[in-house]
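Reviewing the structure listed below.
The values are calculated or read from the model by the stated rules, or taken from the named source; none is laboratory data. This structure is a prediction, so every number in the text was calculated from the model and none was measured. As a convention, Cβ positions derive from the backbone with ideal geometry for all residues, glycine included, and neighbour counts pool all protein chains shown. With ligands, DNA and RNA removed, areas are computed over all heavy atoms of the protein, side chains included. Shrake-Rupley method; radii C 1.70, N 1.55, O 1.52, S 1.80 Å.
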Amino acid sequence: MSLDLESSQYWKPDEHRIQCIDAHTEGEPLRMIFSGYPKPTGNTLLEQRNHLQKFHDSLRTALMWEPRGHTDMYGCLITKPVNHESDFGVLFMHNEGYSTMCGHGIIAVTKVLLETGCLPKSEPETRVTIDTPAGQTTAWAKVENGQVESVRFRNVPSYVHALNQCVTVPTLGRIHYDLAFGGAYYAYVNIRDLGLEATSSHYSEIVRLGIMIKESIANSTSIVHPEEPDLGFLYGVIFIDSAHSANAHSRHVCVFADGEVDRSPTGTGVSARLALLVAKREIRLEQPIRIESIIGTSFVGQATQEISYGEYKAIIPEVKGRAFITGQHTFYIDPDDPLKYGFRLR
């Protein structure tokens, strides 16, 4: 018997098939779901997100967790827009549930939809308008020789929620932090205060302390979003460190969801950090800065303007980065598989 790999086929009639394209933005993965997923119901993306969480969350775990994904996997579902002037909507997901906004996701999904021909592209720049649970965002893809070289996007209003806060964390003592919003709420902590550096060699300890600090802040601080109650929660802790390269301003490592670590500098985290830096008068409007990730990749961000947002003095941040397509997949969910909806190990 001879082995013929080219003609091999596999399909069981009772299996559920889900079509995805995978990409990464500066190292952070994004699994985009194109077909095989239930259509969410609701007039807003927050309502649609809640519908998926209530009725179809097993499909999220099937795609994000092992054996198809991993603890730090990230994904999104492409949806119809809820605003008539938008091109599409997007719902973001991760190991714990669903995000309200995702900067690296905006960059990757813009790249993929243009590169695959789902949306038309034109040189030198193509504009895409996207609905997210946190609000409408606009992205611009830089197109050269028919390829998307980079993507910049203008995020939702970002602002400082509280400066110079302090929380007592078990075994760590008093931890100082700032709290800001960039599509999600983040607590910013100087990693050197913990005796660590934002490098891969400190990865495990960063995860452990990030989980502890996030839990302590969430239990001691009330967060109320000025417009949408579903956005009022602490999403992650961002550890700030000095930059390793001469052309960068600083370095981020974000611990979010259930101990998940962003490989990129975190687009929404950069947005909120820009609001902090403007409020502290450490940067000026339209001053671009480069922020590194834990693996040395980077985003370039700037505060484009100041606006009023509820009771807050906010900015409109712009963040730029690169994304790359890594694969196209047909995932099978076999009804006979006892691990069909995934599992997690840390």
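The listed peptides 123-131, 19-27, 270-278, ordered by packing as a protection proxy, come out as 270-278, 19-27, 123-131 (highest mean of other Cβ atoms within 10 Å first). For region 135-218, carbon and sulfur atoms together expose 45% of the accessible surface, with a 1.4 angstrom probe and every protein chain in place.
Could you run the Debye sum over the Cα atoms of region 229-336, one equal point scatterer each and no solvent, and tell me log10 of I(q)/I(0) at q = 0.18, 0.22 Å⁻¹, two decimals? Normalising to I(0) and taking log10 leaves -0.94, -1.24.
Cα centroids of region 162-188 and region 242-285: 14 Å apart. Share of carbon and sulfur in the accessible area of region 236-346 stands at 46%, probe radius 1.4 Å. Accessible surface area normalised per residue over the chain is 45 Å², counting heavy atoms of protein chains with a 1.4 Å rolling probe. If you look at the Cα atoms of region 178-297, you get an Rg and a Dmax of 13.9, 41 Å. Please list log₁₀ I(q)/I(0) at q = 0.10, 0.18 Å⁻¹ for region 111-262, using the Debye equation with identical point scatterers on the alpha-carbon positions. Scattering profile of region 111-262, log10 relative to I(0): -0.47, -1.08. Principal-axis analysis of the Cα atoms of the chain puts helix 203-220 at an angle of about 70° to the longest axis. Applying the Kirkwood pairwise sum to the alpha-carbon positions of the chain produces a hydrodynamic radius of 20.7 angstrom.
Please compute the contact order of the chain in relative form: average sequence separation of alpha-carbon pairs under 8 Å and at least six residues apart, divided by the residue count, as a percent.
21
Report summary: the helix-based calculation at 222 nm, which adds -39500 (n - 2.57) for every DSSP H run with n ≥ 4 and divides by the residues of the chain, gives -5500 deg cm²/dmol. The P(r) of region 1-111 has a tail past 19 Å containing 49 percent of all C-alpha pairs.
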